[in-house]
Amino acid sequence: MLRYTIIIGVAVALCSGAAMAEDNKPAVDKTAKTTVKAAVAKPAAKAPAANPGDKLQVTVVSVSGLAEKRSASEEKAEWSAVKAGDVLDEMTLLRTGLGGKIVLKFADRGDVTVKSGTKIGIASFRKRGKLVQTRVGLKYGAIRAQVDSSRGANDFRLRTPAGTLAARGTGGHFAMWGDFLFQGKGTGGAWGGKISSRVLALIAGQWTDSELKMPLSILLDKYGITLGDEYGGLTPSELKNLLMNGGGRGIIGFIGNPRNPGSPKLILPGVVPMGVPVGGPIDGSDDPDRYIDDPERGRDRSGTAVGGPLGGSDDPGRYVGDPERGRDR
Amino acid sequence: MQIRSRRYYLLIAGMLAVATLSGCGSQLSVVGKDAKLPADENSAAFLDRMSSQDTVTQNDAMRGILMLEGGDKTDTFKQRVDALVDKKIIPAGSYDASAKLSRGLLARMICCSCGLKGGVMLRTTGPSERYCLRELQYRKMMMNGSGSTKISGMEFASVLTRAEIYKRTRRFPDMVGDTD
């Protein structure tokens with residue numbers, strides 16, 4: 001009996017030791033095998049201070065228009081013009097003027113095009129083993145990033161005031177605006193976006209925004225058929241007034257009062273409740289099953305892709321151009 | 001009856017004369033004529049400065065529009081107003097160097113600078129703040145909202161960048177600044 005107890009005890013100790021060793025492994029190894037989504041959800045563990053990695057250099061391939069650089073590590077550094085062939089270190093700030101453009105080459109791991117009216121910072125560009133870690137900050141403006149993972153693993157992250165994006169061998173266009181905030185468009189491979197606790201994977205041809213909206217919702221907003229302007233001829237304050245006071249006030253009552261259950265409800269464009277099927281057969285049928293179950297038509301507002309054209313094409317024109325599949329706001 | 005009709009005509013003519021003489025038509029009025037901005041500021045530095053401001057003054061806004069037009073070679077606010085009035089980007093009206101820029105005024109300046117023709121109402125009524133704003137909102141060059149709202153520096157920089165892309169390519173940029 002004592003012998004069995006000792007054997008079981010040793011076995012338990014070995015198993016727990018193996019599990020602890022697994023937990024202590026660097027997150028970098030884990031994320032290399034996981035999806036982009038997981039990569040963003042679990043940031044790579046910080047390397048030990050003793051081995052921060054080897055610094056790599058960023059080269060300026062071409063410059064057009066007005067473009068300037070400044071070292072962020074020196075307090076009193078002045079802005080100076082960027083020239084093709086310049087080699088940039090970490091902690092370099094770059095800004096372009098109206099009509100300016102810079103093309104940067106991140107060693108052999110990809111390139112970044114800084115578009116007109118943009119300010120970015122190169123926070124880190126280092127190699128640790130086979131993994132190259134890149135951290136770029138985007139304050140405002142737009143960039144195009146092409147990450148090349150054919151020569152090794154990449155951990156490319158783009159941080160904006162609205163959120164962070166991570167890529168593993170892919171391309172995309174990203175913008176940070178003062179009004180529309182973060183906007184992203186995948187052009188190849190996969191990107192993972194993270195804003196607060198929300199995570200979204202973005203693949204080629206898909207868009208998202210600062211709320212990490214589902215790509216289909218963005219598509220609907222972009223291609224949704226709108227008669228007249230978005231407000232139907234009303235300003236936001238007029239709309240609010242009608243919402244608060246509509247119903248029982250003469251001609252404007254047709255919109256209905258949300259406080260009065262008996263009156264018809266106004267559904268504003270853009271705030272259509274999630275899950276409500278839109279568009280559909282031209283014969284006016286309102287059977288939700290026809291939208292959801294029919295793979296030729298199926299997509300709902302919740303962003304869940306329920307089917308689509310046969311053959312897996314994701315051409316938005318096929319959805320919008322077909323009157324049988326026409327949809328409204 | 002004839003006398004009364006004549007009196008009516010005289011009354012109407014008198015009112016028209018008084019209206020004309022009293023300046024019923026718009027007159028240029030500029031407050032803070034000598035207000036200056038940082039000298040030798042290029043568009044990159046200007047956008048960088050704007051992006052850190054909560055609000056935008058009319059003085060700043062007019063420098064931005066002049067940069068869109070090729071560069072700001074003026075020194076004072078009065079010179080900027082005159083330059084923009086000459087280019088027919090703003091009408092002769094009242095301007096204040098330290099007043100905060102509204103979205104409506106920005107929309108009007110952008111529409112005129114980019115030469116946007118707009119839809120039926122904009123073409124019929126000419127460039128007005130209301131319909132210029134609606135045109136730019138429709139084109140996704142400006143965020144939805146009221147024309148009287150004061151604009152932030154980041155928003156101003158973004159709109160200016162999109163307007164420059166349109167002027168350069170004659171195509172409206174998408175949400176990531178592309179015209180492909």
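The values are calculated or read from the model by the stated rules, or taken from the named source; none is laboratory data. No experiment lies behind these values; they were computed from the predicted model shown. Note that we place each Cβ from the backbone using ideal geometry, even for glycine, and neighbour counts take in every protein chain shown.
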With respect to A:GLN133, determine if the residue is surrounded by 15 or more Cβ atoms within 10 Å (Cβ to Cβ) and free of Cβ contacts under 8 Å to residues at least 60 places away in the same chain. no
Among the residues of the range A:69-79, are any more than 26 Å from the chain's Cα centre (by Cα), of a type in the set (Gly, Ala, Ser) and part of a strand (DSSP E or B)? yes
Out of the range A:80-101, which residues are part of a loop (DSSP other than H, G, I, E, B) and either in contact with a His (Cβ under 7 Å, 6 or more places away or on another chain) or not acidic (Asp, Glu) (or both)? A:VAL82, A:LYS83, A:ALA84, A:GLY85, A:MET91, A:GLY97, A:LEU98, A:GLY99, A:GLY100
Taking the stated definitions as given, is A:PHE180 surrounded by 18 or more Cβ atoms within 10 Å (Cβ to Cβ) and within 21 Å of B:LEU160 (Cα to Cα)? yes
Output the number of the condition that B:LYS33 fails; it satisfies all remaining conditions of (1) modelled with pLDDT under 80; (2) assigned to a loop (DSSP other than H, G, I, E, B); (3) surrounded by 10 or more Cβ atoms within 10 Å (Cβ to Cβ). (1)
So B:ARG134 clears everything in (1) farther than 15 Å from A:SER116 by Cβ; (2) more than 8 Å from every other protein chain (Cβ to nearest Cβ); (3) buried (at least 17 other Cβ atoms within 10 Å of the Cβ) except one condition, right? Which one? (2)
I want to confirm something. Restricting to the range B:146-180 and keeping residues that are of a type in the set (Gly, Ala, Ser) and surrounded by fewer than 16 Cβ atoms within 10 Å (Cβ to Cβ), which single residue is nearest to the other protein chains (Cβ to nearest Cβ)? B:SER146
Residues satisfying the stated conditions in the range A:159-187, i.e. more than 12 Å from chain B (Cβ to nearest Cβ), within 14 Å of A:LEU138 (Cβ to Cβ) and in contact with an Asp or Glu (Cβ under 8 Å, 6 or more places away or on another chain): A:ALA166
When (1) assigned to a strand (DSSP E or B); (2) touching a Phe, Trp or Tyr at 6+ places or on another chain (Cβ under 8 Å); (3) over 22 Å from A:MET91 (Cβ atoms) are applied to A:GLY178, the one that fails is (1)
When only residues in the range A:98-115 that are surrounded by 23 or more Cβ atoms within 10 Å (Cβ to Cβ) and more than 21 Å from A:ALA166 (Cα to Cα) count, which is nearest to the other protein chains (Cβ to nearest Cβ)? A:LEU98
What's the total number of residues in the range A:192-216 that are over 8 Å from the mean Cα position of the chain (by Cα) and assigned to a strand (DSSP E or B)? 4
